[in-house]
Structures are given as C-alpha cells and as structure tokens.
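First comes the structure, then the notes that go with it.
The values are calculated or read from the model by the stated rules, or taken from the named source; none is laboratory data. Since the model is a prediction, treat every value here as computed from it, not as a measurement. Virtual Cβ from ideal backbone geometry, glycine too; neighbours counted across all protein chains shown.
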Amino acid sequence: MKAIKHIPALILFIVGAVLLNYYLPSRDVVQIVGTEVKRIDIGKGAPFWDRADIGTNDEATRDVRFINAEFANGKTKVYRNEDTGWGFPPYFKFDSSDVTAQAQSLSKGEEQWVAVRHYGWRIRLFSIFPNATSIKKVSGPDVVLIPWFNIVFIGLLLLLWFTVWRSVRRWKAKRIDPTLDKMEESFEDAAREVGESVDKNSAKARGFWRKLFGSSKPSKFK
C-alpha cells in the first residue's frame, strides 16, 4: 500500500525531470563549420519544432535554418535555428536571422570556439534537433561554463515544492487526522455495542484510510 501511494509522486517526478531536461537551456562548446536552410514538412502541432519567423506565415511546409557544429573530439552536432516568439518555451527569440548571420561569420574563423546556447534534444532516429538560441565566443574547448540559470531555477522549484509539501502536511494534520480519529472512535463504539472485539482484519480495513491520506498519526488498532 505504501508503494502504491508513492507511484503518482514518482510519475510526476519523472515527467517533471524530462520536461526540465528538454526545456532548460544547455551550452555546447563547439566550432561552427557551416549553416544551411532546408525545406521541411512540419505537421500541425509538431512538438519538436517551433514556429516560422515572426511576421511570416506559419505554413506546414517551410524553410528551417540549421547550424552545423563540431566538438573538440571530432563529433558533430546539428542545431535548428527557429524563433520562439511570445509562445512556449518562453525564450522570446525573434532573431533567428541574426543568429544565422553570426554563425556564418564565426564559421570563417580558424580555431574559433563558441558556446551555443540551446534547448531540446538531438535524436537522429526521428530527425529531432535542439534549437539554438544564442552564440557567444569562448576562449577554447576547455572553458568551464557554470549553468547559473538552471541552478537558480531548480533551486526555486525545490523551494516551492517544499513549501507546498509542508502546507499539505499541516492541512492534513488539521483536517484529515481529526476526521480519521472520529471514524476510529465510531468503529470502537460500534464494536462495543454488538459485543465484538476488533480483530486484525477490521483494523487493516480502518487503517486503509490513514494510509490513503498519508496520515502522520499511527492507528489506534494494532
């Protein structure tokens, strides 16, 4: 019963972790080797694509900008370069054209390393690409980049979770526990009236409600 009670919380945690992993910004230190534009057929409501440039028609078939990059170990990675506009995720990116121009300029320099800020995943099997949001020059491939935004954001989420969890526990202690106490007292009175003792099976049945609501109080029946 205890394990079943924790399943919804575990599912919620997994879903939250996946969403954070996808939407929070990451940075890759790479060399830009080129850019290109491809004509892509994008289904309506496709989750791994954003939108066309702000001010243009958002058609199902449209041009999408891509940035090709290479890591220090020789591995490659391709980023899409799309506006997010005012929608979700709230990166408020309106300058995909400028990002392409910057990438083209940086691709001409020899040994020029950059940090590509992006969100999303690169899954080759399904042609899913992370969306590059900005590009900045760095000193080299060994530069250390601390994800301050992610640290602060996750810290605030944990603080919010702790506040809600503590409020729920206080609410249970104030509202749920007294109700369960009254229910147990009613069971005791009923048992006395019929002259029967409370056996273990009936105690388990009554303890079900405490386990369901996660009461911090132990049951009176053992």
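Please go through segment 84-107 and pick out each residue that is surrounded by fewer than 14 Cβ atoms within 10 Å (Cβ to Cβ) and farther than 18 Å from V37 by Cα. Steps first, please.
To start, the set of residues in segment 84-107 that are surrounded by fewer than 14 Cβ atoms within 10 Å (Cβ to Cβ) comprises 86-88, 90, 92, 97-98, 101, 104-105.
Result: W86, G87, F88, P90, F92.
Within segment 28-50, the set of residues being at pLDDT 80 or above, out of contact with any Asp or Glu (no Cβ under 9 Å at 6 or more places or on another chain) and farther than 14 Å from P130 by Cβ comprises G34, T35, E36, D41. Taking I146, is it under 11 Å from R27 (Cα atoms), surrounded by fewer than 13 Cβ atoms within 10 Å (Cβ to Cβ) and not aromatic (F, W, Y)? Answer is yes for this residue.
Just to be sure I understand, how many residues within segment 129-140 are in a loop (DSSP other than H, G, I, E, B) and closer than 19 Å to P25 by Cα? The number of residues fulfilling the criteria is 3.
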